[in-house]
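Contents: one structure, followed by commentary.
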Amino acid sequence: MRRLVFLTQAVDTAHPALAATIPKLRALAARVDELVVLAQSVGDAQLPANVELRSFGAASRVARVAKFERELARALPAGAVVAHMIPVYVLLGAPLVRPRRTPLLLWYTHWKASPQLRAAARLATAIISVDTRSFPLASRKVRAIGHGIDVNEFSCAEREASERVRALVLGRYSPAKGIDTILRATGEVDGVEVELHGAALNELERRHRDGVLAGFGVPLGEAVPRAQLPELFARVDVLVNNMEAGAPDKVVYEAAAACLPVLASNPVFDDLFAGYPLFFERQSYESLAERLRWFSSLSAAERGEIGRTLRERVARSHSVDTWADGVLAAAAS
């Protein structure tokens, strides 16, 4: 493909949530002659020479929309346009893209369906997601392409078994993350230490962090810069994830890429976890407590086997390379 256009919120290695998009952009750039990225905000990106990065940021919504449409028109023609996680990009872009018969793709992986998403699903030529279950609407347009993890960012750490299990919870302080259930469970199991890191990016998340979660008396750490994730994964024994079903948290795949065993409640991880009893019931702290006791009983060799298997599965089905190949295949279909 000669030119691909990618629409996203932010391109910045320091962004607490969207820094993970940058390896995906590099993988796409390696497969096309030219990649044009339109982002609302732009920071340090460290992208290849064939990537043109443009901002449509402005002081008001009206000005942003006008700049978005102007920059998108300037980026066309293109072999395809990909909207990353924001349905309104499809709604704004369709009048410019669809008359040219240019493929317009929506990447979306979340449990929440909105009227904007329903409209975007009708206008997009294809919908790409981690799994058919990670898109909240039934549609024949959905293509499952994995999560797009840069496996090379993470290496397997040797973890020695100890009397205590170091559990990690990582992600935004959203009620959808089910962190309160995790804290109740870890408080029920002797020998489990829990470490939390995350961001509160809106008022709902700040209220949840400072109200419900603060009541457990456990330190609520700040978000960890992406560059420090490998070090963080190396010093703990297990990641615990309780994200609401329908949104496969990328941190699960990142931890797995670092050979870190994971306990999770989301059934979308069935292929990743196949053969290992790593699931717990989402709203049952007793179920998670039982899994933590089981994990505590494992030897270092048994934990290591689980971690290495998870890494192999991420590399096979959820790498940035398989993801980028999936994007281009969806655009061509």
If each of Arg74 and Ala144 carries a label point 7 Å out from its Cα toward its Cβ, how far apart are those two points in nm? 4.1 nm
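Can you list which of the GluC sites (Glu not before Pro) found in region 164-226 are DSSP loop residues with at most 15 other C-beta atoms within 10 Å? If you can, show how the numbers build up before the last one.
Values: sites: Glu188, Glu193, Glu195, Glu203, Glu205, Glu222; in loops: Glu222.
Here the sparse-neighbourhood loop sites are Glu222.
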Quick one: with all protein chains in place, what share of the accessible area of the chain is carbon or sulfur, to the nearest percent (1.4 Å probe)? 49 percent
Sites Glu222 and Ala58 - FRET efficiency at Förster radius 35 Å, r taken between beta-carbons, to 0.05: 0.75
For region 10-76 (alpha-carbon point model, no solvent) the Debye-based log₁₀ I(q)/I(0) at q = 0.12, 0.14, 0.26 Å⁻¹ works out to -0.32, -0.43, -1.14
Measuring with a 1.4 Å probe in the full set of protein chains, what accessible area per residue, in whole Å², belongs to the chain? 43 Å²
What nm distance separates the two modelled labels at Ser155 and Ala245, each placed 7 Å from Cα along Cα→Cβ? 4.0 nm
Please compute the length gained on full extension between Val65 and Ala329, using 0.36 nm multiplied by the number of residues separating them and subtracting their Cα-Cα distance. 92.1 nm
Take the Cβ-Cβ distance between Glu195 and Glu312 as r, set R0 to 22 Å, and report the resulting FRET efficiency rounded to the nearest 0.05. 0.25
Along each principal axis of its Cα atoms, how long is the chain end to end? Whole angstroms, biggest number first, please. 62, 39, 37
Convex hull of region 105-150 built on C-alpha atoms - directionally averaged projected area, nm²: 3.1 nm²
Here the Kirkwood hydrodynamic radius of region 127-270, Cα-based and in Å, equals 16.2 Å
Report, to one decimal in Å, the Kirkwood hydrodynamic radius for region 142-227 based on all distinct Cα pairs. 15.1 Å
Candidate aspartates and glutamates for bridging to Lys141, where Cα separation is under 18 Å - those fewer than 8 sequence places away on the same chain excluded: Asp131, Asp325
A correct Karplus calculation of ³J(HN,Hα) over region 189-195, with 6.51 cos²θ - 1.76 cosθ + 1.60, θ = phi - 60°, whole Hz and x for Gly and Pro, returns 10, 5, x, 10, 10, 10, 10
With no solvent and one equal point scatterer placed on each C-alpha of region 33-159, evaluate the Debye formula and give log10 I(q)/I(0) for q = 0.23 Å⁻¹, two decimals. -1.41
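The values are calculated or read from the model by the stated rules, or taken from the named source; none is laboratory data. For clarity, every value in this text was computed on a predicted model and none was experimentally measured. Every residue, glycine among them, receives a Cβ derived from its backbone with ideal geometry; neighbour counts consider all protein chains shown. Keep in mind that these areas ignore ligands, DNA and RNA; they rest on the heavy atoms of the full protein, side chains included. Shrake-Rupley method; radii C 1.70, N 1.55, O 1.52, S 1.80 Å.
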